[in-house]
Each structure stands twice: as structure tokens, then as C-alpha cells.
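So the structure is just underneath, and the comments pick up after that.
The values are calculated or read from the model by the stated rules, or taken from the named source; none is laboratory data. Every value quoted in this text rests on a predicted model; they were computed, and no experiment measured them. Methodologically, a virtual Cβ is constructed for each residue, glycine included, from the backbone with ideal geometry; neighbour enumeration extends over all protein chains shown. For accessibility, only protein heavy atoms count, side chains too; no ligands or nucleic acids. Shrake-Rupley method; radii C 1.70, N 1.55, O 1.52, S 1.80 Å.
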Amino acid sequence: MTTDRGQWSSKLGFIFAAAGSAIGLGNIWRFPYIAGENGGAAFVFTYLVCVIAIGLPVMLAELALGRATQRNPVGAIEAVRPGSVWKFVGILGVLTGVAILSYYAVIAGWTIGYMISSALGKPIDFGAFVSNPVAMIFYQALFLLLTIAVVSGGVEGGIERWAKILMPMLLILLVILIIRSLTLDGAMRGLEFYLKPDFSKLNYNVIISALGQAFFSLSLGMGTMMTYGSYLKKEDNAVSSGFQVAIFDTLIAFMAGLLIFPALFAVGKDPAAGPGLVFQILPDIFKALPLGNLFGALFFLLLAVAALTSTISLLEVPVAYFVDEKRWTRKKAVWTVGIATFVVGIPSALSLGASPFFSGIQIGFLNKTGFLDIMDFIWGNFSLAFGALLLSIFVGWIWGADRALAELRQGAGDFSWQGEGWKWLIKIVCPVVIFVILLNLFI
Ligand code: PHE
């Protein structure tokens, strides 16, 4: 084992870090805007089904493989099947990490811009902000630098310490803001849109978006949870940890919806406004609060931290790969990958108005416009789902569900009949369902 690895100092350390990875812009930025685009409650319902039936089993599969091999995704697969093509599942994960991080850092940068503007009491005009190329690239770079700084610190020093203090604060602030949002005039129509399913709105787009959102939000399909699982000790209970992470993550996403939709309908904005949705609506909520600027600044600060614990995990996958497999020092890996990510992210940063070309490119049949939105679909949706498909086949059939289950049972106490159920889910249900959904994309 290389010396630049590490281990969580406690089981709680893992839960906070894994929950920190899962909880991020995916919950507070992506979930509401994707739900808004896909008709509200019918999407929310489909999303919950995807989390329980597909996301959770894949989460356990990743944790099992990571802990059993104590390696990054590529190394883990190599350890089980040396010299096989399966290695490319790991490589795909490394690439996906860089690609997602490239545009994630752009949105994360917005949170810093908004935090500063709230603190100064100078409201941002969303459209002008995102079409300002200098601001976009500045904040994107700043956020990547923050990520690089933490990831260079290594597992225990960097990641754990932050997540432990700030995640609980985010939860408390969300509760306060939800109460305000729900008590705005006209909030109930938003609640209805969000929670009362109209299943006639269910269509293929809703289903693939819900599946992709489940993977994105739980940080699955690219080996993040595998990498984090590789820092778990054998006596830790991977099963209950995995469940807790999924529950926290779903709770925060659900709360974000409770925050956004009532306010959205109260001020009469369009739920299908796309990636800018949350940033356009939040200032309205703060305006309706006493000390609104203070709340705003605090909220964007915590959102930035939630995003940071996610970008850390996105960067950690490629970094763990270069440290383990290519024997790079952690520092070299972090800086090389970080700079490459910055360059890849520039078109995304310019795609909300700054560059007409990157803002206007389209994939017609997917209804996606703009480089960032397209990147998000390809990497944050398709690639994660594809990775999860291959991983479930790999763990269920190649490594073997029995071996994976034996690994999960170590430290998990009673996981007897549930374990049998898990085997069935990972071998049959996950591969078949994901495959069918992805196949439809090409028809
Ligand atoms: N789960 C993170 C979020 O919700 C994003 C992420 C995706 C992180 C994939 C790591 C891997 O913001």
C-alpha cells in the first residue's frame, strides 16, 4: 500500500465525509431545477423509487468493493480481475470525475458570488452575473483552488474536519428558511406542484432524469463511494453507514424542494427555468425575511461548503487513481488534475450568456441548450448511469454477489435476509432496469 493513502479516524468521519460528498449542489441546485423541468411531484416520486431500488443497492456494491480492495476504482477492479477490460469502468469513473467537477465548480463559484453580494447587501442581477465572462472564470477558478487546497491536505486532515462542523449547520438553516417559504402568500400551490403527483406527466424524460439524479445526488456510478469505502476499516458497518448517507442525502434534497417550490409559486416564477432556477428564486426568499442579507450570506456560505465537500470527493477519485496506480505524489496529482479540470470547465463557465456559441449549442432531442447543460446530461446523468450499470454487473457477476455480501456482512452484524434481497437487486434488478432505461435513449 502506498504511504499517501489514509483512513478515517472514526466511523462518524466516514459518514460525514460520504454524506458531505453526497450532499451538495445536487440536492439544492440540481434537484429542484430538474424536478421543476420534469413536472414536479411525478418526478419526485420516481426519484424516490430510483433511490431505494437502484441507488441504495449500487451504493452498497461500491462500498463493498472499495473496502474489500482498499483501492481507487481502477485499482479495485484490477485487484479483482487483473488485466481485464473491466479496468475501463474505473477509467470512465476517473474521467467522469474530472468532467463533472469541471462544470460543478462553475455553479459552486456562483455560491461565492452570491455570498459576497448578500453580505454587502448588493443584490446580484442573475442574467448580468452569469453572462460576465470575467466573473464566471474568476469564481470557477477560485472554487477549484479551494478544492485543491483541501484535497492536498489528505483524507483525515482536510475532508473530515470541515464536514463535521458545517453540515449540521446547513440543516438548521434550511429548516428556518423552509418555514419562511411555506408561510408566503400563495405557497400552497407550490407545495401541490411539488408533492401531489400527476402521473399523466410521467414520460421517458422524467424517468431517465430521475434515475440520473439519484446517481448524481448519491455520488454513485463513478467510484466516489468506492474510493471513500476504501478508507473504511473492516470493523466498520458499511451497510448502516450507506443507509444513513442515503437517508441524509434524500432528506436534504426533499427539504430543498420544500424551500424552493412554495416560494417559486408565491412570486409567480416558472418552475422550468433551468439551471438558474434556484439562484433566481432564493434572493426572493431572503428579501421576505428580517435580516435577509445576513440569512442570505449565511445560506450561500453553507451552500458553498456543501459544494466544497462534494468537489473534494470529485477530485479525490482521479487523485487516488494517480497516487495509487501511477505513484504520483498527492500534491502533483492534485495540481495536475485541478488545472486540467479548470481548462475543461471554461466552456461551461461561458455557456450561460458570456459566449453566444457555448450558450447556444443544443442537443435537440434531449431538450438541452448550452454547454453546461449538455455536459451535465452527458456526464452527470448518462455516464453515471452507464457506470452504475457496469459496476452492478461487475460486482454482481464478475466479482460475485456472494463475495460482495460476505464483505458487507463483516462489521454489519445482522444483514441476513436483507443481504439476500440485496444480491437479487444488484444482480438482476439494477442491471436490467438501468439497461432498459439507457437503451431507450437511443431509440
Ligand atoms: N453528489 C454530489 C451532489 O449532490 C455530486 C457528486 C456526484 C459528487 C458524483 C461526487 C460524485 O452535489
**OP:** Using per-residue counts of other Cβ atoms within 10 Å, averaged over each peptide, order 237-245, 199-207 from highest down.
**Re:** 237-245, 199-207
**OP:** Let me have the 222 nm mean residue ellipticity of the chain computed from DSSP H runs of 4+ only, each contributing -39500 (n - 2.57), with the sum over all residues rounded to the nearest 500.
**Re:** -22000 deg cm²/dmol
Original post:
What helices does the chain hold that run 30 Å or longer along their axis, going by alpha-carbon atoms, with a Kyte-Doolittle average of -1.0 or more, using DSSP H for the helix calls?
Top reply: 87-120, 161-182, 238-266, 292-325
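Using a Förster distance of 51 Å, how high is the FRET efficiency between residue 119 and residue 414, based on the Cβ-Cβ distance and rounded to 0.05?
0.55
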**OP:** Could you state, as a whole-number percent, how many of the C-alpha pairs of region 110-225 are farther apart than 18 Å?
**Re:** 76
Subject >> Mean separation of Cα contacts under 8 Å, 6 or more apart, over the residue count of the chain: relative contact order % >> reply: 34
Subject >> Modelled FRET efficiency - R0 35 Å, residue 288 with residue 247, Cβ distances, 0.05 increments >> reply: 0.70
Subject >> region 129-285, relative contact order [Cα under 8 Å, separation at least 6], % >> reply: 35
Original post:
Looking at region 157-248, which GluC sites (Glu not before Pro) are DSSP coil and have at most 10 other C-beta atoms within 10 Å of their C-beta?
Top reply: 235
Original post:
So what's the convex hull volume per residue for the Cα atoms of the chain, in Å³?
Top reply: 131
Subject >> Over region 303-396, relative contact order from alpha-carbon pairs under 8 Å, at least 6 apart, % >> reply: 14
**OP:** Putting +1 on Lys and Arg Cβ atoms and -1 on Asp and Glu Cβ atoms, find which of 251, 314, 182 reaches farthest to the positive end of the dipole of the chain.
**Re:** 314
Subject >> Accessible surface, region 342-438, averaged per residue in Å² (probe 1.4 Å) >> reply: 43
**OP:** Take the Cβ-Cβ distance between residue 361 and residue 440 as r, set R0 to 25 Å, and report the resulting FRET efficiency rounded to the nearest 0.05.
**Re:** 0.60
**OP:** Would you look at the GNM of the chain, springs on alpha carbons closer than 10 Å, and say which of 354, 18, 128 moves the most?
**Re:** 128
Subject >> Protein accessible area in the chain, 1.4 Å probe - carbon and sulfur % >> reply: 69
Subject >> Amide hydrogen neighbours beyond the local backbone of residue 219, cut-off 5 Å, H modeled >> reply: none
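Exceeding 27 Å between C-alpha atoms, which entries from my cross-link table qualify? They are 287/368; 87/332; 164/326; 87/427; 164/331; 164/234.
287/368; 164/326
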Original post:
residue 368's amide H: which non-local residues (gap 5+, or another chain) put their own amide H closer than 5 Å, with H modeled 1.01 Å from N in plane and none for Pro or chain starts?
Top reply: 363
**OP:** List the residues of region 248-288 whose backbone N lies under 15 Å from a point placed 7 Å from the Cα of residue 198 along the Cα-to-Cβ direction.
**Re:** 265, 270-272
Original post:
Which one of 132, 27, 38 has the biggest mean-square fluctuation once the chain is modelled by GNM with Cα springs under 10 Å?
Top reply: 132
